[in-house]
Amino acid sequence: MDLDFSPEDQAFREEVRAWMRANVPPKAGPEIGLPSHLETQAAWERKLGKQGWLAYNWPTEYGGPGWTATQRYIFDTERAAAGAPVGSPFGLAMLGPVLMSFGSPEQKARYLPPIAAGEVFWCQGYSEPGSGSDLASLKTTAVRDGDHYVVNGQKIWTTQAHWASYIFCLCRTNTEVPKQQGISFLLIDMKTPGLEIRPIMTIDGHHHLNEIFLSDVRVPAENLVGKEGQGWTIAKFLLSHERTAIAGVSDSLYQMDELRRAVASDASLADDPLVRRRLAALEVDLMALEYTNLRTLDRVAKGQPPGPESSGLKIKGAEMQQAISEAQVELGGLSALPWMSDDAAGHDVFRSATQRYNFLRASSIYGGTNEIQKNVLAKLLLGAG
């Protein structure tokens, strides 16, 4: 969508576009569904951090550039259009806003600068076996012992835990109160004795998920964010930011552009009216999603938290990613069968389509299943349930 930017914002867009053109690694890929290698991802995040652009949605007081909502939108769109990787979201889009709102001055000073500089990776300790959509039923415990908490339990589906230096973790600190009231939010060093990581291999052929086992892990009490029992409030705050980010509008725009180029390069596809109709339908849905995303950005720019729109964005964003990847596989035909083979024929977007398609089967599950998000919307907007 071609927006009518002010002269100042247009100049900003040209600045970002030129910087991306000069600095994006060759064939980096936006990594919407393909986890990049650790060294590539880390080098890119450090480069953005040195430029002051990694924490692009943060205010200046915490190490961000202090951009307007429009500038943040421009940056993310230009980043995706340049084929640049997405920054790891766990520190930038999730923990960062939590610490700004709930963290102590010491926690902000210790943890925020390394995130903004791209010096550390974080992971998220939420889901457990039997506690996914019903997250409040989690069983991992944190028992106070002097100036430490002793943590025992298991987390699952932990993305990039094998990369991470730290994990932010929901733990049960009180079993005598209603389940939502007994949860607390802890920051844990991944090198702490008693913490074990086991890989989970997924259908896309990558190792990006893990199980984490915690056995008598001692965590300093100063690593408690907020107050004991405030973890559920913090978790809901964090998930509203996560679900907005999961929509992935900029990267869907990139994938859609790639699909258009691939179709245009194949006369049999470009001349097929059914193919043109399918592309048009995807473009209409994507434009509607982009407008919804812009309304949410405008809300945040006015100092308001993400509202029910975050669940709507999560639902439609996941569906959009899946629909585009499905079209890439089906229109790619034989070219989509190999997984990123350099010897395969066809456009790059077709050669990587099957791998992306398989990864994105999970997009309607992680961050809160789409079914649960529909329940959330029904409750918030219709008063149902």
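Taking other Cβ within 10 Å of each residue's Cβ, how do T159, T175 sort, fewest first?
T175, T159
Given only helices, namely DSSP H runs of n ≥ 4 each adding -39500 (n - 2.57), what is the per-residue ellipticity at 222 nm of the chain, to the nearest 500 deg cm²/dmol?
Helix-only estimate at 222 nm: -14000 deg cm²/dmol.
Across the stretch 368-383, in residue order, what do the Karplus-derived ³J(HN,Hα) couplings come to in whole Hz, using 6.51 cos²θ - 1.76 cosθ + 1.60 with θ = phi - 60° and x for Gly and Pro?
Karplus values, whole Hz, x for Gly and Pro: x, 4, 4, 4, 5, 5, 5, 5, 4, 4, 4, 5, 6, 9, 10, x.
Which distance in Å, rounded to a whole number, links the C-alpha centroids of the stretch 249-294 and the stretch 172-232?
The stretch 249-294 and the stretch 172-232 have Cα centres spaced 40 Å from each other.
Arrange R72, R277 by Cβ neighbour counts within 10 Å, fewest through most, would you?
Going from sparsest to densest Cβ surroundings: R277, R72.
With labels modelled as points extended 7 Å from the Cα through the Cβ direction, what inter-label distance (nm, one decimal) is found for A11 paired with H206?
Inter-label distance under the simple model: 3.8 nm.
For the chain, modelled as a Gaussian network with Cα springs under 10 Å, which listed residue fluctuates most, H162, H208, H148?
H148
So which residue, out of A142, A117, A264, gets the largest mean-square fluctuation from a GNM of the chain using Cα contacts under 10 Å as springs?
So, out of A142, A117, A264, the one fluctuating most is A264.
Just check the stretch 122-229 against the gyration tensor rule for me: Cα atoms, a ≥ b ≥ c as the square roots of the eigenvalues, rounded for a/c under 1.5, and otherwise prolate or oblate depending on whether a/b exceeds b/c.
oblate
At 7 Å along the Cα-to-beta-carbon direction for both R46 and R260, put a label point, then send me their distance in nm to one decimal.
3.7 nm
Using r as the Cβ-Cβ distance of S104 and E371, and R0 as 30 Å, what FRET efficiency do you calculate, to the nearest 0.05?
With a Förster radius of 30 Å, E is 0.25.
With both partners inside the stretch 122-229, how many of the DSSP beta bridges are antiparallel, as a percent to the nearest 5?
So the antiparallel bridges in the stretch 122-229 amount to around 85 percent.
Calculate how many DSSP beta bridges within the chain are antiparallel, expressed in % of all such bridges and rounded to the nearest 5.
Of all bridge pairs located within the chain, approximately 85 percent are antiparallel.
What distance in nm separates the two pseudo spin-label positions at E39 and K236, each 7 Å out from Cα along the beta-carbon direction?
About 4.6 nm separates the two model spin labels.
Taking 1 over the mean of 1/r across every pair of different Cα atoms in the stretch 45-145, what Kirkwood radius in Å do you get?
15.2 Å
Once you order the gyration tensor axes a ≥ b ≥ c over the Cα atoms, which shape class does the stretch 247-382 get: rounded for a/c under 1.5, otherwise prolate or oblate by comparing a/b with b/c?
It comes out prolate by the Cα gyration axes.
How much length is gained if the chain between R361 and A267 is pulled fully straight, taking 0.36 nm per residue apart and subtracting their Cα-Cα distance, in nm to one decimal?
Here the segment from R361 to A267 would lengthen by 30.9 nm.
What shape does the stretch 137-179 have by the C-alpha gyration tensor, where a ≥ b ≥ c are the square roots of the eigenvalues, rounded means a/c under 1.5, and otherwise prolate means a/b greater than b/c and oblate the rest?
oblate
Expected output is a single nm value to one decimal: the length gained when fully extending between K379 and R295, i.e. 0.36 nm times separation in residues minus the C-alpha distance. What is it?
Working it through step by step, the gained length comes to 28.2 nm.
Per the Kirkwood formula on distinct C-alpha pairs, the Rh of the chain is how many angstrom?
Final number for the Kirkwood radius of the chain is 21.9 Å.
Most fluctuating residue of A281, A43, A318 in a GNM of the chain with Cα springs under 10 Å: which is it?
Evaluated over the chain, the most mobile residue of the options is A281.
Calculate, in nm to one decimal, what N152 and M287 gain on full extension: separation in residues at 0.36 nm each, minus their alpha carbon distance.
The N152-M287 span can extend by a further 44.0 nm.
Under the Karplus relation 6.51 cos²θ - 1.76 cosθ + 1.60, θ = phi - 60°, what is the ordered set of whole-Hz ³J(HN,Hα) values for the stretch 42-47, x standing for Gly and Pro?
5, 5, 5, 5, 5, 5
Since every read-out is calculated from the coordinates, none of them should be taken as a lab result. Note that this is a predicted model, so its numbers are computed, not measured. Note that each Cβ is placed from the backbone with ideal geometry, even for glycine, and that neighbours are counted across all protein chains shown.
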